[in-house]
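Structure, as structure tokens:
The numbers here are math on the coordinates, done by the rules we state, and not lab data. Everything numeric here is computed off the predicted structure, so don't read it as measured data. Cβ sites come from the backbone with ideal geometry, for glycine too, and all protein chains shown count toward neighbours.
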Amino acid sequence: MPETPQLGELNKRLKSLAHELRAATGPCPFVVDQEAARLIALSHYSGGRDATYVLVSRKLVGNPPLPDVAVTIGYAPFVEGTAIIYDLTDETMQGKARPFVCNLGGQLVRVYALMPFQIEETALSIERVGNNQHLHVAFLDARREAIQAALPFEMRLLAADGNVLWTDCRATDRRGKFFCPLESLSITLFGGGTKLVIRSRLTGHEESLLLNPG
């Protein structure tokens, strides 16, 4: 996937997610009017079967550039009204596919995810494979089936006293799966009572799992 200034911004903050994205075919699901198009650029990427990511980036017009840019986002005709928009920048659900104001004040880019349905649940488990333990993370729809898309999340490891031992940002793959050995996360180096917290960077919802109960 070619690097662009907009994608470079995404890579800095969401490297694991950016690794899973592919250039999307067809028109962008977001649209703006002609006046707004002078101020912002739209680019979109496939995150797998169930997610399209749209980057809304400011054009540095004017001298000096405008300090505040706010535009109304509309939708291409093919976007269903039941589609769900997530604001990845604010880590919250924007809502169904209705026009909304995107404010780029103080920011070069905002990132949105467009999905056919809501994220309803986080599936978090540990599987023993031989002598090793593997962490599984997936995000589920209302049927409790894994959403087939790259979806970003934060991992946070807490000590028994609640202190944060480390944090890391990851993403499921394009099939909606995340699978890795605990050893690769250095989790086995910590003592009993540690807790792993997974926070969706689309919804802000958290799920946790107690590790090494001791």
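Order 41-47, 137-143 from most to least packed using the mean count of other Cβ atoms within 10 Å. Walk me through the intermediate numbers first.
Details: 41-47: 20.6, 137-143: 17.1.
Most protected by this proxy first, the peptides run 41-47, 137-143.
Under a point-charge model restricted to the Cβ atoms of Lys and Arg (+1) and Asp and Glu (-1), what is the dipole moment magnitude of the chain relative to its Cα centre, in debye to the nearest 20?
Roughly 300 debye, rounded to the nearest 20.
Can you list, bin by bin at 5 Å, the percent of alpha carbon pairs in the chain, starting at 0?
Per 5 Å bin, starting at 0, the Cα pair percentages come out as 1, 7, 14, 18, 17, 14, 11, 8, 5, 3, 1, 0, 0.
Using all alpha carbons of the range 121-211, what is the percent of pairwise distances in each 10 Å bin, ordered from the shortest bin to the longest?
Bins of 10 Å from zero give 17, 51, 28, 5 percent of pairs.
Estimate the FRET efficiency between Val129 and Ala23 by the formula 1/(1 + (r/R0)^6), using the beta-carbon distance for r and 30 Å for R0, to the nearest 0.05.
According to the calculation, E is roughly 0.30.
Taking every pair of distinct Cα atoms and averaging 1/r, then inverting, what Kirkwood hydrodynamic radius in Å comes out for the range 5-115?
14.3
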